[in-house]
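The values are calculated or read from the model by the stated rules, or taken from the named source; none is laboratory data. Bear in mind the structure is a predicted one, so any value in this text is a computation, not a measurement. Here Cβ is always computed from backbone atoms with ideal geometry, including for glycine, and neighbour counts include all displayed protein chains. Heavy atoms of the whole protein, side chains included, go into the accessibility calculation; ligands, DNA and RNA do not. Shrake-Rupley method; radii C 1.70, N 1.55, O 1.52, S 1.80 Å.
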Amino acid sequence: MVWTPAHTRLFLEEAQRHRLFALYRLIALRGLRRGEACGLRWKEVDLDSHTLTVNWQLVQLAWQVHEGTPKTDASVRTIALDTDTAQVLRAHRQQQLQERLAMGEAWTDSGFVFTQPDGSRLHPQHVSDQFLWLAYLAGLPPIRLHDLRHGAASLMLAAGVEMKVVQETLGHTSSAFTADTYTSVYPQVATAAAEKTAALLFGKEDQAEPGKLISIRG
């Protein structure tokens, strides 16, 4: 299941008060996997060009955390950031620098964008648990953190982003897999596109109402 856009906005408003707000925003808007967000390093982020590169992840096996490369070649990718998300990351970096000053010699220089308050790497399960708690505080229906990634794909499709671009942003191996996974959302997008095309030709107002985001496979 995925949240509606209104649900996602409520969640981000609640998460804005948390030190990992930038992480949840990246998953909600850009569709990073949990391990990719936890494994993101500052050297892979270019805030001037508004891009980040995914080429590392933290994987949880049982309770142990392992660092490694993404699951497929397609998962290694460069993702564009909107202006507001880039600003959120800048603010996060300043917050991290303040934490570093506060910790002094106890700071662990791990190089990760998202860390514990002492600079050490995050545990992926902690990120999921915190997500569930923030969703509860926001009064939202429970979904998995991975469903927030699904929601990002649904938002992109609903915004009219081409399937190929959605596929590359998510790191899927093929656009066919992306289309198959989001079959419940894409027909709504196609219908809206048809209405807009006809409206452009015949000068009619676009009266199509966007459908609610519903169950997602995969």
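Table for the structure above
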quantity	calculated
With at most 13 other Cβ atoms within 10 Å, longest stretch of the chain clear of loop GluC sites (Glu not before Pro) (DSSP)	1-161
Three-way shape call for region 71-125 based on the alpha-carbon gyration tensor, with the a/c threshold at 1.5	oblate
Within a Gaussian network of the chain (alpha carbon springs, distance under 10 Å), most fluctuating of 25, 34, 144	144
Full-stretch length increase - residue 97, residue 176 - with 0.36 nm per residue and alpha-carbon distance subtracted	24.2 nm
Dipole moment magnitude, nearest 20 debye, the chain about Cα centre, only Lys, Arg, Asp, Glu C-beta charged	220
Farthest toward positive dipole pole in the chain [+1 Lys/Arg, -1 Asp/Glu at C-beta], among 47, 87, 26	26
Helical segments meeting 18 Å axial Cα length and Kyte-Doolittle -1.0 threshold in the chain (DSSP H)	83-103, 124-137, 145-158, 186-202
Accessible surface, region 24-101, averaged per residue in Å² (probe 1.4 Å)	50
Heavy-atom accessible surface of the chain: percent carbon and sulfur, 1.4 Å	55
Relative contact order %, the chain, counting alpha carbon pairs below 8 Å whose residues are six or more apart	26
